[in-house]
Structures are given as structure tokens and as C-alpha cells.
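Student: This is the structure, below, for whatever I ask next.
Here, each number is a calculation from the coordinates, and none is a lab measurement. These numbers were taken from a predicted model, which means no experiment stands behind them. Heads up, the Cβs are rebuilt from the backbone with ideal geometry, glycines too, and the neighbour counts pull from every protein chain shown.
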Amino acid sequence: MLETRDRRLLLEALRPPDGYAFSEAVGTTFTLDLLALLSAPLAFTLFDWEDADGRPQADPLALLEALRRHADHIHLFCQAGYVSVPPADQRLLGWLEGSVVEVKKPEGGPFHPKVWVLRFEAAGRPVRYRVLVGTRNLTFDRSWDTLVAIEGDVREEGESKTQEGPALADFVTALPRMALHQPVSPRTQKAIETMTRELARTKFVPPEPFEGFRFQPLGTSLWRALGVEAKDAPRWKGFRERGERLLAIAPFLSAPALRDMSRPGAGDILVSRADALAEVPSDILRRFESVYAFSSDAEGETVDDDDGAPLAGRLRGLHAKLFVTDSGWDAHLWTGSANATGSLMGGGVEFLVELWGKKSRCGIDAILGADGRGGLHDLLQPFPIPIEDVPGDKIKRELEDRLDAARSAIAEAGLTVCVADNPSTETYSMRVTVPGARIAGLPDRTTIRVRPITRVRGASTLWPDGAAESIPLGTSSFDGLTSFFAFDVVVRIGERVLADEFVLNLPVEGMPADRRERMLRAALGNRRQVLRFLLLLLSDGGIDAHLLLRAASSIEGNAGLAGADIAGDSNVLETLLRALDLDPVKIDRIERFVADLCSSPGGEDLLPPGFLGILDPIVKVRKTLTP
């Protein structure tokens, strides 16, 4: 059932079904890498392609257009204080500022679900949803994970709710109510409301080889956001009511959770990381018949995909969360974000999907590969349970707790950023405002430095020790404006220190009203790049876009087509007319792009000479056609 050579990239799972187009995406993650999120829109546009070694590649202009089309339709919820700091020179991240919605840390644990809910549309067909339930965060981590993809179509208005949809609809409804900054943007709220209505009527189909499934959101904070009292909230019933024997796979463990789920003598199996197992009391580990650590050799050899191209990189470590029970001829499997910790008992917010089917196809032995079918067993090694437990590092744990408290205190301090235009110098002044002049709940002996992510780490500003209603961050060029701010935090106990850095997406006042248009102008830069961008908009994506961009790149400097009167080029006119006939939506994209470009100073000068003269009559004809 779980073939370890059957690997699938997240970007592949995000691609629209054949004949459908991307509409909206709501995603959740605990930690977030902004560069990983930056690549997601490529899956919706089909502008990405592979190099000779099979690695995904994208021209920067393809990424720019993917962001222009789809960034406003991506709504990614993550826990505040757990966004990693990207390299400083990443101008395109400005397009994602409205896509990242930070969530306040829930009571009892983190905001931890790893879910994508994708909405797709097609003319004459019902709206289709795809739900991706994963075990990894939205990062470039190369660990072993699992991903379940479940699709379904929305029933007609007036039809009854489905069995699977309402739980997912409740989960999506709760997300904006847990957001750190209230209210969320109108476009995010509108997307949530549309999804909530439709998901309750979506008939999902269980993936092979399973016969049925159910979505299981977990966490008292989630139900509280929905207005459900704690006493009335759905209770986690555990794994035992579903089966007789348990396989638990998780990278993070806690003794109470393991004690609760295990039953001595039942043949239970536990799989985790060696360092996590070393932290569990030996008497708890002995409740399991077998205890395995993920092998240090589990990277394996680089394998080929179906086309013979080697898959990029090697997988390292364990991040999958998988719980399987056998009962008679049947088996139940749970996967998602929850570890074998207190998160299963309602702490924080988690999301699991439970699936069931025949034991021979999806039971414990099928997962492990006990019948020699290449399952997980080859990646495991027995873990030697120690005779005596080794005391843990209490100071290290206390430092980690202080750093976590510092993250939450800074994230929930209500910080905002003010931007002021300095016309005489064409620069902008920035400052952070601090409600109450202090960050409440900040641990003692904590040092903070702050900077916009557009600056290098050495250009950060030291946070004052005393009260301060605002903290000046100096001046910046237009390119340096952002709502993403990096915080470098150091906590101390005695002579020991622990440091980390993270990004917050802060509310900003005073941003230029035409910022997006100027960002577009700055990203293109010259007439040659504008020409390449126009060709990209006229392409069909994939290899077609790749070849067009390569052809345009072969033009040296501003000579040739980039500097000629494009009105005399029959190829460009023919391409526009073909788009008008076969895919008039491309003309709409060209028109919007030209309008955005021309609205910024000097933008019209970047258009190829004569281009507006041939575009205007084509746009007029387009407006007479049906959408």
C-alpha cells in the first residue's frame, strides 16, 4: 500500500485536474518558508518545466505572472512567529504579503494542521475540490512524509449536505476567526464563505485502496472559534475502538500519549526518530512489542521516475505521522499533522483524515512491507531500549520554552509599521509602533533585533531595553518596502543562550497606493523583459512558454525585435489574432498587463514601439465577444 519508491511532489498535487482551472486555495501550515509558498502559484499556471535532470525550473518572468494571476487567491494560514527568514534580495515576495494570514497560538499547543483545500472551475462542469492532507509543513524539508489527496464535486444548490463535507467546512470556517490580525482581508473572507457553502455539499471519493474516510479536525481552540462550548465539542475517541493492534509512526512523542494509545500484549509497533525515542521513559517503550528508529541509512539511492529522470535530492529523516490499526479483515489508518503527543488530546489545532479498507491492502503488514513488497520495514532499525533512563537537559528545555514565549509575545504585541514618503530624496522612512510602549510577557534577558526582510541581517535595528512607543528603522528605497519583518531573538539562562530568527507579516500604514504597478515596472526593468513577458502571456504554458522565453532571450541587448517597430512584425500580429480566435482570455491578460504597466511612471516607454497601435483594435474586437 505504501510503496517507498512512489514519490510525489507537492507541486504535482496542486496542479488543476484536466479541463479545470484554479480558482481559490486555502492552506494551513505550522512553519512556513516564504520561498516554498512563492513556488506554489506555478502549479496553477503550468508555467513551470523541468531541466535536463528532471528538476523543476521556472523563468523569473513566469513566476511573476503566476503571482500576478494567483497570489490574491491563495490564503495561507500559519502560526505567527514561525515563518523562516528568506534571503534579503527577494523582490517577488511582495506579491505574497496579502496571502499570508498569521494565526495566534492556540491554547495548549501550536496551530499545526498541514492541509490544502483547492477549488477548481470548468465551463459546464460542477465545481471540483481537492483536499491535500499532509504531514509536512510548507518548507523545502526533504524528510519522509505522507500526503493524501481526496477529490470531489459540489452538488447542486438545494441538495443535502454530504457525509464528509461538513467537518471540513467547519474547519475552513474557523480559520479566519483564529487569525492574529482581525478582521482578515475581504478577499480572504469571501473565499472562506464560498468554500464553506460548497464544501458542505461536496461529494468526495475515497482514494484507492480505501473504501471510506472521514475528516477529523482536532483542538478545543478550533471549536471555540466556531462558538462551540468545550463540553459540547467533539471528543477524540482514540485509536483503540477501531482496532486490536496498533502501528504508530511519528517524529515527536510524549509519554502520556504513548501510554494512552498502547496496550501491552497487543503486538503494537512504534516507529520514530532515535533522538525522540531516547527521550521516552523505558517503561513506556516496553508497552510496545517492537520499537524501531528510522535508519540513518534511510536516505537510500536516488531513484528514477517513470520517464527515467532521476528525482532531485535524497529524502532524509522522518516527518510522517501515521497510525494504523488492524481489526479482523479490516484496517483503519489516520494521517495528518498530529504527532503521538498531547496534540491528540485537544491541545493546539490539528487535522487528521481517517481512512479504512481491507487489511491486506492497507493494514499494518501492508504498510511495513512484511510480505516483501518494499514497504517501510527496509528503512527501519530496531531501537535498543535502555535499562536505565538518562536525565534530559532541563536548561535546554527551559531555553526552548523561553524562546517560544518570546515568539508569542512579539507576535501578539500588536506591532504595526508606519511608512512615510520623503519626496525630496525619493526614499521612505519606516518605524515600528509599539502599543503600550512595551512588549508584554517578554521573558527576562531577551534581546531583539528587527529589520525588513529586504535588508541584510547586519542592517537590523536593536530593540531598546526601556519603553518606546515607536522604533525608527531608517530610510528605504521603494524596492525595500515590505510588510514582512525579520526578528532576531536571543534568550539567556546563566551563561547559556539560545537564538533564532523569524518573520512576522505586520500591518503597514502609508504604503504607496500604486505599489503593485510600480513593483511590476521594477520587476521588468527594460523593453526586452517586457517583450519576453508579452510572449509569455501569449503562450500556452509548459514547454511552449519555455521555448518562447528562450527565443526571446537569444536577442542581444535591446537590438532586434526588442528595439524594432513591433507593428511591422507579422509574427506578433498573427500571435495576437490567433489568441483572439482560440483563447481570448489571453487578450484580457495582455490588456490588464498593459494597463498596469502604463499606470506607473515610465511604464509605457517599456512597451515595444508600435505595440499599442496593434493591440487597441484587437481589444475592441475582444470586448464584442462573449466571455
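Student: In µm²/s, what is D for segment 395-512 at 10 °C and 1.306 mPa s, where D = kT/(6 pi eta Rh) by Stokes-Einstein and Rh is the Kirkwood radius from Cα pairs?
Tutor: Using the Kirkwood radius from Cα pairs, D works out to 106 µm²/s.
Student: So, one more: How much length is gained on full extension from E574 to D421, taking 0.36 nm per residue of separation minus their Cα-Cα distance?
Tutor: Working it through step by step, the gained length comes to 50.6 nm.
Student: Counting only helical runs of four or more DSSP H residues, what would the 222 nm mean residue ellipticity of the chain come to if each run contributes -39,500 (n - 2.57) and the total is spread over all its residues?
Tutor: Calculated at 222 nm, the ellipticity per residue is -8000 deg cm²/dmol.
Student: How many nm separate the modelled label positions at E400 and S360, each set 7 Å beyond the Cα in the direction of the Cβ?
Tutor: Taking the simple label geometry, E400 and S360 are separated by 4.4 nm.
Student: Taking chymotrypsin sites (Phe, Trp or Tyr not before Pro) as candidate sites, keep only those in a DSSP loop with at most 15 other Cβ atoms within 10 Å, then name the longest stretch of the chain containing none of them.
Tutor: The segment 330-627 is the longest one with no such site.
Student: So how do T624, T28 line up by other beta-carbon neighbours within 10 Å, fewest first?
Tutor: Fewest to most other Cβ atoms nearby, the residues stand as T624, T28.
Student: With charges only on Cβ, +1 for K and R and -1 for D and E, what is the dipole size of the chain about its Cα centre, in debye, rounded to 20?
Tutor: Its charge dipole is roughly 1280 debye.
Student: If I take every Cα pair under 8 Å that is 6 or more residues apart in segment 395-523, average their sequence separation and divide by the length, what percent do I get for the relative contact order?
Tutor: 29
Student: Calculate one ³J(HN,Hα) per residue across segment 249-262 by plugging θ = phi - 60° into the Karplus curve 6.51 cos²θ - 1.76 cosθ + 1.60, and present them in order as whole Hz with x for glycine and proline.
Tutor: Along segment 249-262, the couplings run 10, 7, x, 10, 9, 9, 4, x, 5, 5, 5, 5, 8, 8 Hz.
Student: Scan around R245 for amide H atoms under 5 Å from its own, H built in the peptide plane at 1.01 Å from N, and keep only partners 5 or more places away or cross-chain.
Tutor: Amide H neighbours of R245, under 5 Å, 5+ apart: D326.
Student: Also, quick follow-up: How high is the relative contact order of the chain, in percent, counting Cα pairs under 8 Å that sit 6 or more residues apart?
Tutor: Once normalised by length, the contact order is 13 percent.
Student: Have a look at C418, A36, S539 and report the one farthest towards the positive end of the charge dipole of the chain, computed about the Cα centre with Cβ charges (Lys/Arg +1, Asp/Glu -1).
Tutor: Final value for the positive-end residue is C418.
Student: With +1 on each Lys and Arg Cβ and -1 on each Asp and Glu Cβ, and nothing else charged, work out how big the dipole of segment 135-223 is about its Cα centre, in Debye to the nearest 20.
Tutor: Using Cβ point charges on Lys, Arg, Asp and Glu, segment 135-223 gives about 400 debye.
Student: Where Lys and Arg each count +1 and Asp and Glu each count -1, what net charge lies around G227 among other residues with Cβ under 12 Å from its Cβ?
Tutor: -1
Student: For a Förster distance of 22 Å, can you work out the FRET efficiency between the beta-carbons of T624 and D153, rounded to the nearest 0.05?
Tutor: Computed FRET efficiency for T624 and D153 comes out at 0.05.
Student: Relative contact order (percent) for segment 10-232, with alpha-carbon contacts under 8 angstrom and 6 or more residues of separation?
Tutor: 21
Student: Taking loop as defined by DSSP and a crowding limit of 10 other beta carbons within 10 Å, which GluC sites (Glu not before Pro) in segment 404-471 fit?
Tutor: E426
Student: Give me the extension gain from T194 to S295: residue separation times 0.36 nm, minus the current Cα-Cα distance, reported in nm with one decimal.
Tutor: Length gained between T194 and S295: 31.8 nm.
Student: Given the pairs K203/K586; K105/K190; K114/K586; K104/K231; K237/K359, which are separated by over 31 angstrom at their Cα positions?
Tutor: As for pairs spanning more than 31 Å Cα to Cα, those are K203/K586; K114/K586.
Student: Could I ask something else about it? Could you give the length gained by full extension between S185 and Q90, i.e. 0.36 nm per residue of separation minus their alpha carbon distance, to one decimal place?
Tutor: Length difference between fully extended and current span is 31.8 nm.
Student: Starting from the 7 Å offset along Cα-to-Cβ, what nm value, one decimal, do you get for the label separation of D581 and A122?
Tutor: Computed distance between label sites D581 and A122 equals 2.6 nm.
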